[in-house]
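Trainee: Quick one: structure below, then a few questions.
The values are calculated or read from the model by the stated rules, or taken from the named source; none is laboratory data. On a predicted model such as this, the values are computed, not experimentally measured, just so you know. Because the Cβ atoms are built from the backbone with ideal geometry, glycine has one as well, and the counts that use them run over all protein chains shown.
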Ligand SMILES: Cc1cc2nc3c(=O)[nH]c(=O)nc-3n(C[C@H](O)[C@H](O)[C@H](O)COP(=O)(O)O)c2cc1C
Ligand code: SF4
């Protein structure tokens with residue numbers, strides 16, 4: 001199909017200095033857990049976006065000096081020629097698909113703990129960094145500033161040598177230009193502190209230096225134009241878009257070829273905004289001002305997944321280029337799908353921030369809820385849009401359970417050409433637990449997980465969703481499928497069993513009127529009293545979500561958790577601060593480091609986990625958010641009768657998703673995808689080994705990954 005002409009504007013080329021973008025889609029810097037140490041993963045992850053139509057594809061923040069070492073966080077590096085070698089694989093693979101390769105150059109200053117390099121820290125003013133409070137680097141003198149400028153030029157030259165076309169100086173979230181610019185960090189009294197002119201002096205000098213050294217790359221800044229009000233930002237100690245934000249752009253405009261703009265602070269959840277709190281294009285109110293002072297192309301971000309919103313952003317004069325991190329993770333082929341007239345096939349980001357959480361927890365490889373192939377392009381050879389025909393495609397498959405794992409599995413099996421795939425569920429609609437979860441406050445956008453898969457399945461002739469059908473083990477045996485996949489999900493524990501005590505909570509029994517599970521509240525509308533205790537041992541969002549729901553209905557809610565904070569995983573998804581604020585506004589009392597040991601119709605008994613101090617909270621209802629329990633009875637029954645299974649002509653019975661291991665939706669979609677990808681291996685239940693990029697002693701030719709572009713490149717990329 002041809003693209004809808006109303007989207008033509010998105011496919012116009014844009015000039016950025018000496019380089020030309022083929023369209024207006026730009027993958028802004030974002031990390032993926034590959035850094036420079038996993039060059040194969042880094043290269044193929046980015047190449048996928050180039051193949052999917054993005055015109056510019058960037059690294060994450062790429063540090064350029066050894067005293068920018070943020071270990072254990074994993075980011076790209078250009079410290080030496082070895083890093084040049086590794087990252088040049090990325091640029092080569094991006095170029096293979098006709099896109100420009102970009103790098104976000106960063107000298108991290110006080111944010112870097114230098115755990116690996118053990119380099120002495122350098123800062124603008126000697127005040128401990130908020131992320132690095134036990135170290136306090138040396139405040140740079142003039143000579144040291146000159147040296148730092150030279151290091152920026154050397155970093156830019158290494159970037160150019162690695163093949164990068166677009167060199168972005170990072171002026172945001174933990175890099176020297178920001179430490180000079182914000183009064184929050186800069187307390188200097190010399191010519192680099194005080195006035196605005198003084199505070200931008202370093203950035204001006206660095207840009208001049210780089211321009212003098214390099215004239216054949218696009219050179220720009222990623223600039224945080226607004227650091228927001230307190231409590232989410234720096235207030236008067238930072239900068240505001242209509243003050244020094246826009247002044248900064250006006251002052252340095254002649255030194256850049258483009259501006260990549262965003263907002264926020266080191267609590268970057270205001271930028272990578274979760275859908276609980278932010279709508280699409282939420283940064284426009286701050287960033288659109290840039291166009292009043294610059295004629296250079298401006299990139300904006302704001303979870304752009306809707307092409308109509310993108311067109312509006314361009315035609316209204318808000319920006320020139322659609323920047324995206326998360327939408328490009330969830331769907332590397334988003335531009336191609338618009339271009340090919342298939343916008344309904346876009347796998348829209350749900351802004352759950354699970355991708356973000358991976359960086360925040362220390363940088364393990366990226367996960368994406370919507371796109372299970374994310375990060376697996378090289379390691380497992382998975383392509384998000386291409387599927388091989390299964391060697392056992394002549395088989396009929398029965399998937400029991402149409403939650404995220406079952407739907408993903410059925411969809412991929414359909415795309416792999418299985419003769420017939422039935423995905424059966426007792427509910428009238430597919431979605432599993434997402435059907436009720438997405439009706440909870442702030443979680444409506446998560447319904448895209450189901451919508452996307454539903455749309456795909458509806459277009460696959462060999463896949464059929466069968467509603468309102470509850471299958472017993474004997475029904476499964478009689479169904480006539482050769483492969484059975486059980487994806488029956490999980491449910492919240494009804495007895496308070498939890499991972500903090502490894503025991504049940506005394507008196508906790510969800511068959512009683514004063515004890516509820518989240519499903520009972522959300523799905524069954526079980527009545528609750530005026531005074532509610534929510535017990536959270538889960539640690540992700542459900543405790544906070546229940547508290548928000550019930551407080552929103554007017555209940556007086558106490559959230560009790562053994563963790564140090566409310567839903568600690570929400571810190572990783574950058575949702576914690578706003579969710580905390582929301583609960584406080586709703587009058588929720590949050591009691592941390594505390595266990596609920598017993599419940600009665602009148603109260604919950606509590607104990608502080610460290611002091612042992614005991615107490616009670618008077619309440620009418622207790623909501624148990626303690627752990628989830630797999631619903632795997634059907635699988636156990638089938639497993640227990642191997643003879644009957646064989647007799648029924650069933651070659652294999654598999655268990656996936658929450659029914660195997662209750663977890664985040666991202667784990668469920670991965671689980672379903674993984675099985676479907678490997679359904680024709682000797683032992684599909686056991687994942688195939690994946691490529692681990694590591695140094696192998698005494699490596700031989702056979703140790704290299706055959707056919708790998710990394711091998712052609714002569715890199716130390718080795719198979720297990
Ligand atoms: C997983 C992840 C990692 C990120 N890492 C970086 C980074 O290294 N440097 C940076 O400037 N921004 C980083 N960001 C922020 C994005 O560039 C972007 O500004 C933000 O996500 C908003 O864009 P989006 O709504 O399109 O995701 C990251 C975002 C994500 C989702
Ligand atoms: S993990 Fe969630 S927020 Fe991140 S890209 Fe995927 S769907 Fe979007």
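Trainee: If residue 315 satisfies every condition in (1) touching a helix residue (DSSP H, G or I) at 6+ places or on another chain (Cβ under 8 Å); (2) surrounded by fewer than 20 Cβ atoms within 10 Å (Cβ to Cβ); (3) at positive phi but one, which is the exception?
Mentor: Evaluating residue 315 over (1) touching a helix residue (DSSP H, G or I) at 6+ places or on another chain (Cβ under 8 Å); (2) surrounded by fewer than 20 Cβ atoms within 10 Å (Cβ to Cβ); (3) at positive phi leaves (3) as the failure.
Trainee: Which of (1) surrounded by fewer than 24 Cβ atoms within 10 Å (Cβ to Cβ); (2) more than 10 Å from ligand 1 (Cβ to nearest atom); (3) not assigned by TED's automatic domain parsing to the domain that holds residue 39 does residue 345 not meet, given it meets every other one?
Mentor: Evaluating residue 345 over (1) surrounded by fewer than 24 Cβ atoms within 10 Å (Cβ to Cβ); (2) more than 10 Å from ligand 1 (Cβ to nearest atom); (3) not assigned by TED's automatic domain parsing to the domain that holds residue 39 leaves (3) as the failure.
Trainee: Given the conditions (1) farther than 23 Å from residue 299 by Cβ; (2) out of contact with any strand residue (DSSP E or B) (no Cβ under 8 Å at 6 or more places or on another chain), and given that residue 368 satisfies all but one, which numbered condition is not satisfied?
Mentor: Going through (1) farther than 23 Å from residue 299 by Cβ; (2) out of contact with any strand residue (DSSP E or B) (no Cβ under 8 Å at 6 or more places or on another chain) one by one, residue 368 breaks only (1).
Trainee: Considering only region 80-96, how many residues are touching a strand residue (DSSP E or B) at 6+ places or on another chain (Cβ under 7 Å) and within 24 Å of residue 115 (Cα to Cα)?
Mentor: 2
Trainee: Taking the condition closer than 19 Å to residue 418 by Cβ and outside any loop (DSSP other than H, G, I, E, B), does residue 393 pass?
Mentor: Criteria not met by residue 393.
Trainee: Run residue 147 past the list (1) within 33 Å of the chain's Cα centre (by Cα); (2) under 21 Å from residue 80 (Cβ atoms) and report the number of the one that doesn't hold.
Mentor: (1)
Trainee: Given the condition in contact with a helix residue (DSSP H, G or I) (Cβ under 8 Å, 6 or more places away or on another chain) and surrounded by 23 or more Cβ atoms within 10 Å (Cβ to Cβ), answer yes or no: does some residue in region 500-520 qualify?
Mentor: yes
Trainee: Could you list, in sequence order, the residues of region 475-499 that are assigned to a loop (DSSP other than H, G, I, E, B) and loosely packed, with under 15 Cβ neighbours inside 10 Å?
Mentor: Listed by number, the residues that qualify are 480, 499.
Trainee: Also, quick follow-up: Counting only residues that are in contact (Cβ under 8 Å) with a residue 60 or more places away in the chain and either outside any strand (DSSP E or B) or within 11 Å of ligand 1 (Cβ to nearest atom) (or both), how many does region 313-325 have? It would help to see each step written out before you state the result.
Mentor: Within region 313-325, the first condition is being in contact (Cβ under 8 Å) with a residue 60 or more places away in the chain, and the residues that meet it are 314-315, 320-325.
Restricting the remaining residues to those that are either outside any strand (DSSP E or B) or within 11 Å of ligand 1 (Cβ to nearest atom) (or both) gives 314-315, 320, 322-325.
Adding up the residues that qualify gives 7.
Trainee: When residue 104 is evaluated against the numbered criteria (1) more than 20 Å from the chain's Cα centre (by Cα); (2) under 23 Å from residue 368 (Cα atoms), which criterion, by number, is the only one it fails?
Mentor: (1)
Trainee: Quick check, is residue 357 within 11 Å of ligand 2 (Cβ to nearest atom), touching a residue at least 40 places away in the same chain (Cβ under 8 Å) and in the same structural domain as residue 227 (by TED's automatic domain parsing)?
Mentor: When the stated conditions are applied, residue 357 does not pass them.
Trainee: Restricting the first residue to region 38-55 and requiring it to be over 18 Å from residue 163 (Cα atoms), which pairs with a second residue that is at pLDDT below 95 meet a Cβ separation below 8 Å and a spacing of at least six or different chains?
Mentor: Final answer for the pair search is none.
Trainee: Residue check: is residue 270 within 16 Å of ligand 1 (Cβ to nearest atom) and over 29 Å from residue 211 (Cα atoms)? Please lay out each step first, then the result.
Mentor: Details: within 16 Å of ligand 1 (Cβ to nearest atom): yes; over 29 Å from residue 211 (Cα atoms): yes.
Taking the combined requirement at face value, the residue satisfies it.
Trainee: Run down 150, 122 and say which single residue is more than 16 Å from ligand 1 (Cβ to nearest atom), in contact with a strand residue (DSSP E or B) (Cβ under 9 Å, 6 or more places away or on another chain) and assigned by TED's automatic domain parsing to the domain that holds residue 260.
Mentor: On inspection, the qualifying residue turns out to be 122.
Trainee: Follow-up question, since we're still on this one. Search region 633-666 for residues being closer than 22 Å to residue 375 by Cα and free of Cβ contacts under 8 Å to residues at least 40 places away in the same chain, and hand back the single one that is surrounded by the fewest Cβ atoms within 10 Å (Cβ to Cβ).
Mentor: Result: 661.
Trainee: Can you say whether residue 585 is at negative phi and touching a helix residue (DSSP H, G or I) at 6+ places or on another chain (Cβ under 7 Å), as far as the supplied structure shows?
Mentor: No, not satisfied.
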